[in-house]
Amino acid sequence: MRLSQKGVAMSSSKVTISRKWLEPVPVINGTKMVASNWPKHRKYCWIVRWYETNGKRRGKLFDKRRQAERFAFEMQGLTNVGKQDDPEIITLKSFITEHKTVMVNRVSDKTIASQLRVLRLLASFLGEQKNLQKITPRDAEAFIAHRLKQKLSLATINHDIRTLKRVFNLAIEPRGYIREGMNPFGKIKQRKLTPKTIKYLSVGEYKALVVASPTLWWKAFLSIAYCCGLRRNEILNLTWADIDFINQLLHVRAKDESEQVLKWESKTHENRSVPLPDETSQYLANLQAESVEGFPYIFITPERFAHIRYREKRGQWSGISDVKNNIIRDFGTIRKRAGVSKCNIHDLRRSAITNWAQALPIQVVQQFAGHSNITTTRKYYLAVRPEDIKRAGDFMNNILQEKVSHI
């Protein structure tokens with residue numbers, strides 16, 4: 001026997017296969033038939049036996065030995081990790097509390113907050129004391145129908161489905177609260193939704209934004225977003241130590257907590273380096289000349305840093321709080337002043353990735369973008385530029401003209 005991480009005893013005993021006789025032993029001339037002849041003269045089936053951790057013996061019957069062997073092989077694997085027992089009972093409320101603890105440093109704070117939000121909505125709908133094992137696909141469909149009645153966007157509904165499917169998979173493995181294949185959201189399909197067109201900002205639009213920027217802070221911020229493809233929080237958490245002016249590189253890397261630095265991790269929990277164009281480097285050099293000497297951050301002011309520390313001491317700061325206020329509002333003001341069509345800060349990052357894709361292999365683009373999955377790079381970030389459309393049209397016109405000339 002051995003103990004799981006939760007202290008529950010798990011069996012590691014061998015799963016056995018044997019014949020189960022369905023008829024009595026034949027008697028010939030008053031003498032019982034010898035055992036070696038039984039298989040030819042007695043009806044039987046095959047039985048697989050194993051023990052649960054509570055000592056209870058379990059078994060299952062099969063007509064054919066091959067079926068029994070296949071099942072025994074699977075059951076032995078489950079027995080070795082303690083999965084042949086009934087899963088431990090846990091309520092939705094307790095699962096949410098546990099999930100908040102065990103997911104720290106496994107995913108970003110924003111992801112944890114998103115998962116907890118949807119789990120609490122589910123608990124509010126089904127009841128906090130609902131047994132996790134008792135949640136059925138019918139319950140899952142009812143919850144999604146309830147969300148749809150609230151007239152939420154389909155994008156939000158699909159996000160809830162993906163989130164709950166992922167969380168309940170974690171309840172199966174590694175936590176063992178639900179049996180394999182029993183995810184209530186496992187077969188819930190996302191609602192059909194026409195994907196939004198990826199907004200691409202041309203170089204001209206980017207330059208117009210820079211010209212319309214009221215401060216050097218904003219010029220450097222926009223240049224990093226468009227030329228280096230960083231996420232908003234990656235930019236805001238940059239320090240001067242992340243900038244390599246000599247080798248023209250910008251490093252996105254985790255920060256350990258210190259007196260002058262906030263603890264921070266990137267979305268994918270991976271460090272990366274991206275090239276630093278001359279224009280962006282110049283904006284940063286100019287900004288450094290204006291910055292407070294010895295203060296590590298580029299885009300967080302000493303006053304804002306002191307306010308963050310104050311809120312931390314009062315317990316009013318979390319990993320999903322914005323290190324700068326009103327950045328979305330201020331960007332909207334700059335965009336309108338520049339005369340650029342509706343877009344957001346993340347569209348600058350998408351545009352950078354699209355530009356890289358014109359000259360670099362897709363796996364290099366993925367690395368620069370900081371995507372853990374190359375599908376994300378392809379599906380959500382590579383936009384079709386106006387010049388791509390024109391080039392495709394010109395190409396088809398040339399084909400047609402060549403075809404006509406040969407008639």
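The values are calculated or read from the model by the stated rules, or taken from the named source; none is laboratory data. Note that the structure is a prediction, hence the values are computed from the model and not measured. Cβ placement follows ideal geometry from the backbone for every residue including glycine, while neighbour counts extend to all protein chains displayed.
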Can you find even one residue in region 202-221 that is within 30 Å of L164 (Cβ to Cβ) and not acidic (D, E)? no
Within region 82-90, is even one residue at pLDDT 90 or above and either assigned to a loop (DSSP other than H, G, I, E, B) or outside the structural domain of T163 (by TED's automatic domain parsing) (or both)? yes
Helices (runs of 4 or more DSSP H) enclosed by region 250-364 - at least 1 residues per element that are in contact (Cβ under 8 Å) with a residue 60 or more places away in the chain, surrounded by 14 or more Cβ atoms within 10 Å (Cβ to Cβ) and among the aliphatic types (A, V, I, L, M): 278-290, 327-338, 345-357
Here is a list: V104, V167. Which entry is in contact (Cβ under 8 Å) with a residue 24 or more places away in the chain and under 30 Å from K263 (Cα atoms)? V167
What number of residues within region 16-67 satisfy the criterion of being over 26 Å from E88 (Cα atoms), of a type in the set (K, R) and in a strand (DSSP E or B)? 3
Which residues, counting only those in region 325-366, are modelled with pLDDT of 95 or more, within 18 Å of V274 (Cα to Cα) and aromatic (F, W, Y)? none
In region 176-213, residues that are charged (D, E, K, R), modelled with pLDDT under 95 and surrounded by 10 or more Cβ atoms within 10 Å (Cβ to Cβ) total 5
Keeping to region 49-76, report how many residues are in contact (Cβ under 8 Å) with a residue 24 or more places away in the chain, loosely packed, with under 15 Cβ neighbours inside 10 Å and in contact with a strand residue (DSSP E or B) (Cβ under 7 Å, 6 or more places away or on another chain). 4
Checklist (1) surrounded by 11 or more Cβ atoms within 10 Å (Cβ to Cβ); (2) farther than 23 Å from N271 by Cβ applied to G393, failing item: (1)
